[in-house]
């Protein structure tokens with residue numbers, strides 16, 4: 001086992017084709033988005049800590065049939081990439097994952113950011129579905145914006161392009177953020193494995 005935690009960030013280029021990403025953004029641009037909110041386990045409440053600087057999010061249950069088809073297409077393809085992640089690291093003891101969440105789309109306009117955090121996602125569990133997030137998935141839908149860099153470990157910039165996907169552990173050792181977008185609009189999506 002490699003003890004360098006950066007080793008466990010899996011970067012797959014061209015997971016989605018550039019054309020598919022462009023078509024997805026065209027469809028997403030016509031949807032009704034809402035502001036991202038943070039959940040506090042201490043107070044069991046949600047808040048938009050950064051106000052207007054929070055990105056917009058789009059959950060699958062807020063969407064029409066076209067976005068549901070996009071979600072289903074990405075979800076269908078995630079299974080193979082999760083298996084590739086696990087097989088790449090040869091973890092014979094990590095074979096008991098149960099599932100992964102629906103896609104959540106993120107949209108960042110200029111000055112919007114995602115503050116440093118780790119993925120202690122509670123919203124994917126509804127009482128019937130139980131577990132803890134073990135892997136985080138971040139997909140990039142465009143790269144025609146400025147700023148909006150994905151930073152891990154407070155100072156490591158992760159270079160991504162349209163269509164790329166990242167997988168990494170969903171624990172406190174993997175803090176990450178998105179710096180403020182300075183020009184254009186950044187589109188991405190996330191999912192979590194449990």
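The values are calculated or read from the model by the stated rules, or taken from the named source; none is laboratory data. This one's a predicted model, so the numbers in the text were calculated from it and none came from an experiment. Glycine also receives a Cβ, built like all others from the backbone with ideal geometry; neighbour counts cover every protein chain displayed.
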If we keep only residues of the stretch 118-149 that are free of Cβ contacts under 8 Å to residues at least 40 places away in the same chain and in a strand (DSSP E or B), then the residue surrounded by the fewest Cβ atoms within 10 Å (Cβ to Cβ) is 146
* Asked: residue 78: at pLDDT 90 or above and assigned to a helix (DSSP H, G or I), yes or no?
  -> yes
Going through the stretch 153-183 in order, the residues found to be touching a helix residue (DSSP H, G or I) at 6+ places or on another chain (Cβ under 8 Å) and in a strand (DSSP E or B) are 156, 165, 167, 168, 169
| said: Here is a check on your reading of the model: is residue 145 closer than 21 Å to residue 14 by Cα, in contact with a strand residue (DSSP E or B) (Cβ under 9 Å, 6 or more places away or on another chain) and modelled with pLDDT under 95? | reply: no
Exception for residue 95 within (1) part of a helix (DSSP H, G or I); (2) more than 28 Å from residue 184 (Cβ to Cβ); (3) touching a helix residue (DSSP H, G or I) at 6+ places or on another chain (Cβ under 9 Å) falls at (1)
Here the residues within the stretch 14-34 that are surrounded by 14 or more Cβ atoms within 10 Å (Cβ to Cβ) and under 26 Å from residue 117 (Cβ atoms) are 15, 16, 21, 24, 25, 28, 31, 33
Selection from the stretch 95-117 of residues more than 14 Å from the chain's Cα centre (by Cα), over 22 Å from residue 180 (Cα atoms) and in contact (Cβ under 8 Å) with a residue 60 or more places away in the chain yields 97, 98, 99
Among residues of the stretch 36-57 being without any contact (Cβ under 8 Å) to a residue 60 or more places away in the chain and farther than 26 Å from residue 171 by Cβ, the residue surrounded by the most Cβ atoms within 10 Å (Cβ to Cβ) is 56
